[in-house]
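Structure record follows, encoded as structure tokens.
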Amino acid sequence: MALIELRDIQKVFYGEGTETIALRNIQLTVDKGEFLSIMGPSGSGKSTLLHILGLLDRPTSGTYRFEEQDTTTFSEEQLAVIRNEHIGFVFQAFHLLPRTTVLENVMLPLAYSRRPKREHRALAERALKQVELSHRLKHVPSQLSGGEKQRVAIARALVNEPTLVFADEPTGNLDSKTGAAVMTALDTLHQQGQTIILITHETSTAEYAERIVQLKDGLIVSDAPAPKTPELYKK
């Protein structure tokens with residue numbers, strides 16, 4: 001079943017009498033439970049596409065359907081509800097509060113949700129268990145390794161039990177061994193049924209996905225299954 005359907009998406013930025021076309025005629029479908037990588041060089045439109053897919057920005061033209069709803073007609077308030085309740089974000093920078101415990105960092109998104117407060121701790125503990133960090137609940141970020149910090153960020157993205165998780169260059173600040181551990185954690189979540197869209201410029205990272213979309217100059221130039229070489233990258 002399609003979770004996301006983009007049809008004829010175009011994004012144009014205007015400034016000082018000029019226009020820059022960031023995305024051109026984007027056609028993309030993402031199914032529930034899929035693990036998709038989006039790749040491309042700097043300036044290819046990856047970040048712009050991420051912002052549109054994550055409902056952080058609107059396309060200039062075209063249609064974006066999320067769970068069969070046409071989001072291009074939604075108000076800012078409606079988009080904010082979808083982002084908070086259905087979408088989780090993991091970024092290259094961990095964005096953890098430095099003087100706050102791991103458990104409290106993961107609970108933070110719940111403060112803006114409609115979840116009863118009595119459920120917050122249990123939801124955060126469950127998310128941390130999913131990334132194998134139940135033993136770090138009371139630690140603060142300075143006591144964690146880089147890989148552990150990113151797994152806390154993944155747990156925070158999962159705490160609202162989102163339909164979709166975006167991972168934007170999640171291994172960018174990590175060494176190769178630690179990055180592989182983070183990608184293995186994301187792969188495990190996918191095996192459990194989580195829909196994941198990964199933004200990356202690293203081929204070895206992209207190949208954890210089932211499918212790779214390549215962007216160039218705002219266009220999708222390739223959309224194909226990822227090569228099956230997990231042994232090479234997951235050691």
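Note on the chain: with a GNM built from Cα contacts shorter than 10 Å, the maximum mean-square fluctuation among I199, I212, I26 falls on I26. Computed from phi, the 3J(HN,Hα) profile of the range 117-127 under the Karplus parametrisation 6.51, -1.76, 1.60 (θ = phi - 60°) reads 4, 5, 8, 4, 4, 5, 5, 5, 5, 5, 5 Hz, with x in place of Gly and Pro. For the range 34-108, what does the alpha-carbon gyration tensor say about shape, rounded, prolate or oblate, given a ≥ b ≥ c as the root eigenvalues, a/c under 1.5 as rounded, and a/b over b/c as prolate? Oblate, because a/c is 1.5 or more while a/b does not exceed b/c.
Of the options (i) 52, 38, 37; (ii) 51, 44, 40; (iii) 56, 42, 32, only one is Cα extents along the principal axes in Å as computed from these coordinates, and that is (ii).
Spin-label model, F13/A93: points 7 Å from Cα along the beta carbon direction are separated by 1.7 nm. Taking the C-alpha atoms only, the angle from helix 76-86 to the longest principal axis of the chain is near 50 degrees. The heavy atoms of D223 present about 70 square angstrom of accessible area, all protein chains included, probe 1.4 Å. Would you mind telling me the share, in percent, of accessible area of the range 99-235 contributed by carbon and sulfur at probe 1.4 angstrom? Taking all protein chains in place, the range 99-235 shows 50 percent carbon and sulfur surface. Accessible area of T63 (1.4 Å probe, protein heavy atoms only, ligands and nucleic acids ignored): about 50 Å².
Among rounded, prolate and oblate, which fits the range 1-82 when a ≥ b ≥ c are the square roots of the eigenvalues of its C-alpha gyration tensor, a/c under 1.5 means rounded, and a/b larger than b/c means prolate?
Working: a/c = 1.98, a/b = 1.30, b/c = 1.52.
Oblate, because a/c is 1.5 or more while a/b does not exceed b/c.
From its DSSP helices (H runs of at least four residues, each -39,500 (n - 2.57)), the chain gives a residue-normalised ellipticity at 222 nm of -9000 deg cm²/dmol. Near the amide H of V90, within less than 5 Å, lie the amide hydrogens of F166, A167, D168, all on another chain or at least 5 residues away, with H placed in the peptide plane. Taking every alpha-carbon pair under 8 Å whose residues sit at least 6 apart, the range 79-235 reaches a relative contact order of 24 percent. Using a probe of 1.4 angstrom and keeping all protein chains present, the accessible surface of the chain works out to 50 square angstrom per residue.
Pairs of Cα atoms nearer than 8 Å and 6+ residues apart set the relative contact order; for the range 119-160 it is 57 percent.
Phi angles of the range 30-39 translate, via the Karplus equation with coefficients 6.51, -1.76, 1.60 and θ = phi - 60°, into HN-Hα couplings of 10, 8, 4, x, 7, 10, 10, 10, 10, 10 Hz per residue; Gly and Pro are given as x. Taking every DSSP beta bridge that has both residues in the chain, what percent is antiparallel when rounded to the nearest 5? So the antiparallel bridges in the chain amount to around 60 percent. When R114, R58 are compared by accessible surface with a 1.4 Å probe, the order from highest to lowest is R114, R58. Summing Lys and Arg as +1 and Asp and Glu as -1 over all other residues whose Cβ lies under 10 Å from the Cβ of N25 gives a net charge of +1.
Number of Lys pairs in the range 95-235 with C-alpha atoms less than 17 angstrom apart, excluding same-chain neighbours closer than eight positions?
6
Can you give the net charge of the other residues whose Cβ lies under 15 Å from the Cβ of R65, counting K and R as +1 and D and E as -1? Taking every other residue near R65 into account, the sum is -3.
For the range 98-210, a/c is not less than 1.5, where a ≥ b ≥ c are the root eigenvalues of the C-alpha gyration tensor, and a/b does not top b/c. That puts it in the oblate class.
The values are calculated or read from the model by the stated rules, or taken from the named source; none is laboratory data. All of these numbers come straight from a predicted model, not from anything done at the bench. A quick note on method: Cβ atoms are made from the backbone with ideal geometry, for glycine too, and the neighbour counts reach across all protein chains shown. Quick note on the areas: whole protein, heavy atoms, side chains included, nothing else; ligands and nucleic acids left out. Shrake-Rupley method; radii C 1.70, N 1.55, O 1.52, S 1.80 Å.
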